[in-house]
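Asker: Right, I'll just put the structure down here and ask away after.
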Amino acid sequence: MSTVVTDKDHRRIQRFALALPTRVEVRVDSKFTWNEVTRLEDVSAFGAGFELTRPVKRGRLINVSLPMPRQLRCYDFLEPQYRIWSLVRRCIPKGDDPAAQRYAVGVAFIGKTPPVSFNENPAKLYDLAERVDSGLWELVDAPENPDESDLPAYLRKHTRFAIPESLLLEILDENGEVAASEVSVTENISLGGASVFTSFNAETGSFIRVTSERHNLTIIAIVRGKHNGPDGIVRLHLEFIDNLFPLAGIE
């Protein structure tokens, strides 16, 4: 049975180079959200591309708000702003200057509301299943250990390297002030996170400012978990939320 693609369908699938002002909201966890205003590079009814100053992990859900042309919308045709939940499909660093780093982000539109599991855990990762009748994408849980051998390096799950990297760790209180600090080393580290030895009694969800003197870089991280190793030393599992750690020459 053949599939007929109408002119209207073709217009909705086609990507348009529209530099529309766009607000992106990223919910890190139940307590912390950051947002950024940017401009589209291209858009269709089912996805968009734009740049951000912070990286966003592939598989994350984010909320995008923009004055979308009505012919590309799947709902809210009369609203001035089109708010749509979107799945991050790529996030590629652009340029070589860490002080002015930007990231090219591509997203797939999934609908007006996020799944219930996202409200329970905003850090949860998803993958695409298929497009539904509206043309928007359905989600499935991201696999724990996906086969990524056919993906380019920037789309793969960040590989952890068992290397000791000296870091200054500073726990931030509710006002963003430093509550405690110590110099530590990593047990392992990747572009997007690290396991670090610590004497801190930091709880899951705490924010830590991580500074690498060697790379002249400071990153805000969130504690995703912790455990006691066989040596009795606590490890904190950190996710970097406003930058990637430079691992050029290691990956």
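Every read-out reported here was derived from the displayed coordinates using simple, explicitly stated rules and does not represent laboratory data. These numbers come from a predicted model, not from an experiment. Cβ atoms come from the backbone with ideal geometry, glycine included; neighbour counts cover every protein chain shown.
Asker: Throw me the Rg/Rh for segment 7-146, computed over C-alpha atoms with Kirkwood Rh, two decimals.
Answerer: Reported Rg/Rh, Kirkwood definition of Rh: 0.95.
Asker: Could I ask something else about it? Could you list which residues have their amide H under 5 Å from that of LEU217, counting only those 5 or more apart in sequence or on another chain, with H placed in the peptide plane?
Answerer: Here SER212 satisfy the definition.
Asker: Would you calculate the convex hull of the Cα atoms in segment 166-240 and tell me its volume per residue in Å³?
Answerer: In segment 166-240, the Cα convex hull volume per residue is 81 Å³.
Asker: Each label point is 7 Å from the Cα along the Cα-to-Cβ direction; what then is the distance between the points at GLU182 and THR204, in nm?
Answerer: For the pair GLU182/THR204, the computed spacing is 2.1 nm.
Asker: Add +1 for every Lys or Arg and -1 for every Asp or Glu among the other residues with Cβ under 11 Å from the Cβ of GLY106, and state the total.
Answerer: The answer is +1.
Asker: If I model a spin label at SER65 and GLU25 as a point 7 Å from the Cα along the Cα→Cβ vector, what separation in nanometres do I get?
Answerer: 0.6 nm
Asker: I want to check a number: in segment 7-146, how many lysine pairs have alpha carbons closer than 19 Å, given a sequence separation of 8 or more or different chains?
Answerer: 5
Asker: List the residues, sorted by chain then number, that are 5 or more residues from ALA179 or on another chain and whose placed amide H is less than 5 Å from its amide H.
Answerer: Residues meeting the criterion, in which the H sits 1.01 Å from N, are ILE171, LEU172, ASP173.
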